[in-house]
């Protein structure tokens, strides 16, 4: 495929992952899920560029998103990175393996996910020679939550490692749950979980997840399920004890920019990504010049993106994820209905520089 083909807003084929805790809630976003109805889809990988995955996470093989629209359909995200370089990425840095620096998903939790941890920075440094050990900092935007839904985010202050290990060894909900920080959630909430945080997504939640590109996960407790491996020793070594760092509240602090037709709410700004919620009114149109790639996860409404470089306009609707390339200086968006999306870009400021 010659690089002369003009870039345009890219959609990708979802990569669906069946999970014991999954459901079919993505159908309410307009998705056609793989049959049969008993196939419980826990994850939809919307944007992925991984040369390998863990056997207990992504399945052990490579996972690279494939373009679903336009003249580049059938090409992988990795193909386009090699072909277009800065036209696609701007100055955003790839991972050390030369892969896209984010992994974007939808999570459908019909049941609780396992209590788990991803390697802390200290653990990753200590195991730098192990190719399976990667940081995984992530954020959850709550798309839908059933009444009473909650997440678990950190361990209660004062709980020691010995106390926590004893509770895990007991293997009961009554022993483990009281030691975790339980946070009620509702649609519109957003939570940042840095690598090393003990956490679990609770039942009755549909979430959009933005994370660093890793699926290294150590399970501590699986809510009575006995058919999946636990990784207690690795998790205990990899996790940070106590509540998440106080800086997390600063990272998650919201700010709003509102106009007559547009509202932008910043949800998360960390070293790895910036997440904003964007609302635009029906019939509104504006330029969307970017000097870096932007990822839109469309939660409501519909519209179209015009690249401004000779490529055809790309329509979009609820439930779709779009990658907007960096080199689209004259792109415009037009809304055919009141529309809401989660926009992920890359930070130009560190968290301690947030205004």
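The values are calculated or read from the model by the stated rules, or taken from the named source; none is laboratory data. Since this is a predicted model, take the numbers as computed values, not measurements. Reconstructed Cβ throughout: ideal geometry from the backbone, glycine too, with neighbour counts over all protein chains shown.
Things worth noting here:
- Positions within segment 93-104 being more than 12 Å from residue 212 (Cβ to Cβ) and either in contact (Cβ under 8 Å) with a residue 24 or more places away in the chain or in contact with a strand residue (DSSP E or B) (Cβ under 8 Å, 6 or more places away or on another chain) (or both), in sequence order: 97
- Residues within segment 120-146 that are outside any strand (DSSP E or B) and at pLDDT 80 or above, tallied: 3
- Residue 165 vs. criteria out of contact with any strand residue (DSSP E or B) (no Cβ under 6 Å at 6 or more places or on another chain), at pLDDT below 95 and over 30 Å from residue 100 (Cα atoms): no
- Here the condition is being surrounded by 14 or more Cβ atoms within 10 Å (Cβ to Cβ), under 27 Å from residue 149 (Cα atoms) and at pLDDT 95 or above; of 47, 72, 80, it holds for 47 alone.
- For segment 23-40, the count of residues that are modelled with pLDDT of 95 or more and either within 22 Å of residue 212 (Cα to Cα) or in the same structural domain as residue 314 (by TED's automatic domain parsing) (or both) is zero.
- Restricting attention to segment 23-66, the residues being in contact with a helix residue (DSSP H, G or I) (Cβ under 7 Å, 6 or more places away or on another chain) and part of a loop (DSSP other than H, G, I, E, B) number 2.
- Strands (runs of 3 or more DSSP E) contained in segment 261-355 and holding at least 1 residues crowded, with 20+ Cβ neighbours inside 10 Å, out of contact with any strand residue (DSSP E or B) (no Cβ under 6 Å at 6 or more places or on another chain) and not assigned by TED's automatic domain parsing to the domain that holds residue 142: 262-269
- Residue check: residue 154 meets all listed conditions (1) over 30 Å from residue 98 (Cβ atoms); (2) under 21 Å from the mean Cα position of the chain (by Cα); (3) modelled with pLDDT of 95 or more but one, namely (3).
- All of 92, 20 fail the test of being surrounded by fewer than 17 Cβ atoms within 10 Å (Cβ to Cβ), not assigned by TED's automatic domain parsing to the domain that holds residue 318 and not in a loop (DSSP other than H, G, I, E, B), apart from 20.
- For segment 199-223, a residue qualifies if it is part of a loop (DSSP other than H, G, I, E, B) and at pLDDT 95 or above, and the qualifying residues are 202, 203, 204, 222, 223.
- Against the conditions (1) in a loop (DSSP other than H, G, I, E, B); (2) modelled with pLDDT of 95 or more, residue 105 satisfies every one except (1).
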